[in-house]
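Student: Okay, handing you the structure first.
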Amino acid sequence: MESFWKSLPRPFFVLAPMADVTDPAYRALIAAKGKPHVTWTEFVSADGLYYTREKKGIPDAENPLMRDLTFTDAERPIVAQLFSSNPETMAYAAKLCAELGFDGVDINMGCPDKSIEKQGCGAAMIKNPAKAKEIIAAARTSGLPVSVKTRIGYNQESIDEWLPLLLEEKLPALTVHLRTRKEMSKVPAHWELMPRVVALRDTISPETRIIGNGDVLDLTDAEQKIVESGCDGAMIGRGIFGNPWVFAGRSIEDTSPEERLSALSEFAHAFEAMQPAKSFHLVRKHVKAFAIGFDGAAELRSKLMDTTTADEMDAVLTEYRLS
Ligand SMILES: Cc1cc2nc3c(=O)[nH]c(=O)nc-3n(C[C@H](O)[C@H](O)[C@H](O)COP(=O)(O)O)c2cc1C
């Protein structure tokens, strides 16, 4: 089967993986309001999948990790993002993703979270390229196209040392978050460095699609960054906060308060239906981004932050609309 990566237009725009944000309910909202060319799941622990299914025998319907991996055809092409430093569990999880019908697997090699790095995963892979290659090989046993998302270095920029090692793997796609691990998200993304990444790609692996990531606000911004830097696609993360229409080409200023509040309610109901075991605080996390930019927004936000169900949220919104 031909990899979907080959048939994407240029430029193309993709949804970033964001733990506890791009869950199945939020992804459903995005698919409905403005679909990206490729959707990523939140990252999922391959070790966790192996352990909960094979060792503990937790039924899939009750397994939160399996719930994170639910999706609908409306989100295709969809890529499951996995992390592990154990080739056996990576092979297991990637095969499972193939059975679940995913279009691809992406490996997280950029997460700066200490608990992830302690497991030798995320950005820790930048310091252990041999392991990174082993993990890629393990994921490939699934038969799915395997892509990688990483950063431009660990403590310092090391594009010329780190990225060739990944490009040698002839990945179908490589997402580069244009910051080092040390920079976390504290400095502006170094888009000025992207031409060097593209030049390496042209020499080492011309078929690899390069996706730039970091501080992309909306599609206008994405197009400009792609044109200026020469990469093939852009990944948008925080730009979807309060703006599930971003991939339909709308900036947050183009959306009305009523549209945003209705979308928040739609998300809250989908969240309850799709993730009954997860805490409603994950819905409240979105309130600040959706209920903003109109008279009375601060007071409305504070009331919405006291809600614990989608119906309670609706009651607060109805009261606000009548006031
Ligand atoms: C709340 C949150 C959760 C994230 N979770 C993940 C993740 O699961 N996997 C991953 O590769 N990156 C994760 N990231 C990083 C984003 O995918 C992205 O690289 C980063 O936010 C920069 O892009 P942006 O400026 O468009 O937001 C996360 C970022 C945020 C803000």
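Student: Mind ordering 133-141, 36-44, 216-224 by average Cβ neighbours within 10 Å, highest first?
Tutor: Values: 133-141: 19.6, 36-44: 23.4, 216-224: 18.0.
Descending packing order for the listed peptides: 36-44, 133-141, 216-224.
Student: Right, something else. In degrees, nearest 10, range 0 to 90: what is the angle between the Cα axis of helix 310-322 and the longest Cα principal axis of the chain?
Tutor: That helix lies at roughly 50 degrees to the long axis.
Student: Follow-up. In Å, the Kirkwood hydrodynamic radius of the chain over pairs of distinct alpha carbons? Working shown, then result.
Tutor: Details: mean 1/r = 0.0493 Å⁻¹.
About 20.3 Å, per the Kirkwood formula over Cα pairs.
Student: On to the next question. Any chance you could check the Cα centroid distance between the stretch 119-188 and the stretch 266-323 for me, in angstrom?
Tutor: 37
Student: Okay, moving on. How much accessible surface does Ile204 have with a 1.4 Å probe, in Å² rounded to 10?
Tutor: Number for this one is 40 Å².
Student: Another question about this same structure. Count neighbours as other Cβ atoms within 10 Å of each site's Cβ, and list the trypsin sites (Lys or Arg not before Pro) in the stretch 154-228 that are DSSP loop with at most 10 such neighbours.
Tutor: Numbers: sites: Lys170, Arg179, Arg181, Lys182, Lys186, Arg196, Arg201, Arg209, Lys225; in loops: Lys170, Arg179, Arg181, Lys182, Lys186.
Sparse-neighbourhood loop trypsin sites (Lys or Arg not before Pro): Lys186.
Student: To the nearest 10 square angstrom, how much accessible area does His269 have with a 1.4 angstrom probe?
Tutor: Roughly 70 Å² of His269 is accessible to a 1.4 Å probe.
Student: Return one whole number: the accessible area per residue of the chain in Å², for a 1.4 Å probe. List each step's numbers first, then the result.
Tutor: Working: 13680 Å² over 323 residues.
Ligands and nucleic acids excluded, the result is 42 Å² per residue.
Student: Please report, as a whole percent, how much of the solvent-accessible surface of the chain comes from carbon and sulfur atoms (probe radius 1.4 Å). Numbers along the way, then the final one.
Tutor: On the way: 7410 of 13680 Å².
Heavy-atom surface of the chain belonging to carbon and sulfur, 1.4 Å probe: 54 percent.
Student: By a straight-distance test (C-alpha under 24 Å), which lysines pair with Lys55 as possible cross-link partners, with residues fewer than eight away in the same chain excluded?
Tutor: Partners within reach: Lys95, Lys118, Lys278.
Student: Okay, next question. If you fit an axis through the alpha-carbon atoms of helix 24-33 and take the longest principal axis of the Cα set of the chain, what angle between them do you get, 0 to 90°, nearest 10?
Tutor: With rounding to tens, the tilt is 80 degrees.
Student: From the Cα gyration tensor of the stretch 256-322, with a ≥ b ≥ c the square roots of its eigenvalues, which class applies: rounded if a/c is under 1.5, or else prolate if a/b is larger than b/c, or else oblate? Working shown, then result.
Tutor: Numbers: a/c = 1.78, a/b = 1.74, b/c = 1.02.
Since a/c reaches 1.5 and a/b is larger than b/c, the shape of the stretch 256-322 is classed as prolate.
Student: Related question: If each DSSP helix of 4+ residues adds -39,500 (n - 2.57) and the sum is divided by the residues in the chain, what number results at 222 nm, nearest 500 deg cm²/dmol? Mind showing how you got there, number by number?
Tutor: On the way: 14 runs with 128 residues, N = 323.
That calculation yields -11500 deg cm²/dmol at 222 nm.
Student: Let me ask something additional. Sequence gap at least 6, Cα distance under 8 Å: using those rules, report the relative contact order of the chain to the nearest whole percent. Display every interim value, and only then the final one.
Tutor: Details: 590 pairs, mean separation 50.7, N = 323.
Relative contact order here is 16 percent.
Student: Continuing with the same structure: Using only Cα atoms, find the angle between the long axis of helix 129-140 and the longest principal axis of the chain, and express it within 0 to 90 degrees, rounded to the nearest 10.
Tutor: The angle comes out near 70 degrees.
Student: Here's something else I'd like to know. For Tyr51, Tyr320, give the ranking by accessible area with the largest first, probe 1.4 Å.
Tutor: Ranked from most to least accessible, the order is Tyr51, Tyr320.
Student: If you plug each phi of the stretch 181-188 into the Karplus form 6.51 cos²θ - 1.76 cosθ + 1.60 with θ = phi - 60°, what whole-Hz ³J(HN,Hα) values come out, in order, with x for Gly and Pro?
Tutor: The phi angles translate into 4, 5, 6, 6, 10, 7, 10, x Hz.
Student: Gain in length, Met184 to Lys127, computed as 0.36 nm per residue apart minus the alpha-carbon separation, to one decimal in nm?
Tutor: Numbers: separation 57, 0.36 × 57 = 20.52 nm, distance 1.60 nm.
Between Met184 and Lys127, full extension yields an extra 18.9 nm.
Student: Among Lys127/Lys149; Lys33/Lys303; Lys6/Lys149, which pairs are too far apart, with a Cα-Cα distance over 21 Å? Walk me through the numbers before you get to the answer.
Tutor: Values: Lys127/Lys149 15 Å; Lys33/Lys303 26 Å; Lys6/Lys149 18 Å.
Result: Lys33/Lys303 exceed 21 Å.
The values are calculated or read from the model by the stated rules, or taken from the named source; none is laboratory data. As the structure is a computational prediction, the values presented were derived from the model and not from experiment. Note that each Cβ is placed from the backbone with ideal geometry, even for glycine, and that neighbours are counted across all protein chains shown. Each accessible area value is taken on the protein alone, full model and side chains, heavy atoms only, with ligands, DNA and RNA left out. Shrake-Rupley method; radii C 1.70, N 1.55, O 1.52, S 1.80 Å.
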